[in-house]
Amino acid sequence: MATDGERLALTAFVAQVVLAGGNAVGIRFSNRELAPMWGAGLRFSLAAALLLAIMAAMKLGFPRGQALNGALLYGLFNVGLSFALIYYGFIHIHAGLGQTLLAIVPLATLLLAVLWRQERLRLVAAAGTLLALAGVAVMSRSPLHEAVPLPSLLAVLGGAVCFAQALVLVRRYPHVHPVTMNAVGMTAGAAVLLGASLVLGEPRTLPERAQTWVALGYLAVIGSVAVFLLLLVVLQYWTAPRASYAFVLIPMVTVLLSAWLDDEPISSGLLFGGLLILTGVYIGALRPPRVTLTSADQEPRDS
């Protein structure tokens, strides 16, 4: 029988997946009126302000020294670089396709951890990587209403790699409370995005369309802060590997929302390629390792 904590975690997990599924669609709507770096910078400025307020309400201290360096690097990769690439890629890539490509984050994290000598390379990880790459190839060659530019495809994949690098980097620095880590990280990331917008000479105006305000508000309040807080609830009761199954479920929600709200064509290439990617991520990064029992473990014990 499920405990109250298990039911709470499951409810938070489902809510997290559903709400995060709308993020990619929100980015598409934001990009239609706002320049990509400017729109991303606005989003994370609002989200950072909310998290800093939560940090103050919880009376959490500000990190210093190496802990601060870790939080700033986390923000640089997890917000600044990753979302600069993702917002650029989503100008020409539909939300469902883009979110499915981002599902490779757990697998990319494992491979980068191997590169940084934090993990050992396993055969199943290699097999999962090949499956995921095959899925990317199928999706990029599938017949869509509009051709997918290679730079946009590579930009989204680059954003996924930046996400993964942030997760690997943070393990090399002292632990920081998750609320503080994201408050500091989003502030740093927003500064990078706004600086990029200034350097690129983007028009920096506030939205005029109601749907852009809705998208921006959703991305900042729901897609960034609420989804993050729901993840914290899940992690109180579930292990990190179990919670990471959200990465293979979020694209399914995004594809349905994008088809409904943004007229994204659901082609056979999208479905088959997406299935290959999600299967590769599961096999390579999420499937629990097999436990081999010794003869001593197999012997019956007295109760």
If the requirement is being free of Cβ contacts under 8 Å to residues at least 12 places away in the same chain and of a type in the set (Phe, Trp, Tyr), which of these qualifies: Trp213, Trp238? Trp213
Considering only residues that are free of Cβ contacts under 8 Å to residues at least 60 places away in the same chain and either part of a helix (DSSP H, G or I) or charged (D, E, K, R) (or both), which ones fall in the range 102-116? Ala108, Leu111, Leu112, Ala113, Val114, Leu115
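Against the definition (in contact with a helix residue (DSSP H, G or I) (Cβ under 7 Å, 6 or more places away or on another chain), in contact (Cβ under 8 Å) with a residue 12 or more places away in the chain and either surrounded by fewer than 22 Cβ atoms within 10 Å (Cβ to Cβ) or farther than 26 Å from Ser152 by Cβ (or both)), how does Leu34 come out, yes or no?
Values: in contact with a helix residue (DSSP H, G or I) (Cβ under 7 Å, 6 or more places away or on another chain): yes; in contact (Cβ under 8 Å) with a residue 12 or more places away in the chain: yes; either surrounded by fewer than 22 Cβ atoms within 10 Å (Cβ to Cβ) or farther than 26 Å from Ser152 by Cβ (or both): no.
So Leu34 does not fit the description; no.
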Quick check: anything in the range 160-178 in contact (Cβ under 8 Å) with a residue 60 or more places away in the chain, touching a Pro at 6+ places or on another chain (Cβ under 7 Å) and either more than 23 Å from Met55 (Cα to Cα) or assigned to a helix (DSSP H, G or I) (or both)? no
Considering residues of the range 127-147 that are touching a Leu at 6+ places or on another chain (Cβ under 7 Å) and over 11 Å from Gly273 (Cβ atoms) only, the residue modelled with the highest pLDDT: Gly128
In this structure, is Ser197 in contact (Cβ under 8 Å) with a residue 40 or more places away in the chain and touching a Gly at 6+ places or on another chain (Cβ under 6 Å)? yes
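Is the range 158-165 home to any residue that is under 21 Å from Asp262 (Cβ atoms), surrounded by 19 or more Cβ atoms within 10 Å (Cβ to Cβ) and either touching an Asp or Glu at 6+ places or on another chain (Cβ under 6 Å) or at pLDDT 80 or above (or both)? Spell out how you get there, then give the answer.
In the first step, residues of the range 158-165 are kept if they are under 21 Å from Asp262 (Cβ atoms); the result is 159-160.
Now drop any that are not surrounded by 19 or more Cβ atoms within 10 Å (Cβ to Cβ), which leaves 159-160.
When the remaining residues are screened for being either touching an Asp or Glu at 6+ places or on another chain (Cβ under 6 Å) or at pLDDT 80 or above (or both), the result is 159-160.
Checked the range 158-165: at least one residue is under 21 Å from Asp262 (Cβ atoms), surrounded by 19 or more Cβ atoms within 10 Å (Cβ to Cβ) and either touching an Asp or Glu at 6+ places or on another chain (Cβ under 6 Å) or at pLDDT 80 or above (or both).
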Do any residues in the range 52-66 that are free of Cβ contacts under 8 Å to residues at least 24 places away in the same chain and farther than 19 Å from Pro174 by Cβ have Cβ atoms under 9 Å from those of residues that are surrounded by 10 or more Cβ atoms within 10 Å (Cβ to Cβ) and not hydroxyl-bearing (Ser, Thr, Tyr), where the two are at least six apart or on different chains, and which pairs are they? Ala53/Ala183
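The values are calculated or read from the model by the stated rules, or taken from the named source; none is laboratory data. Since this is a predicted model, take the numbers as computed values, not measurements. We place every Cβ from the backbone using ideal geometry, glycine too, and count neighbours over all the protein chains shown.
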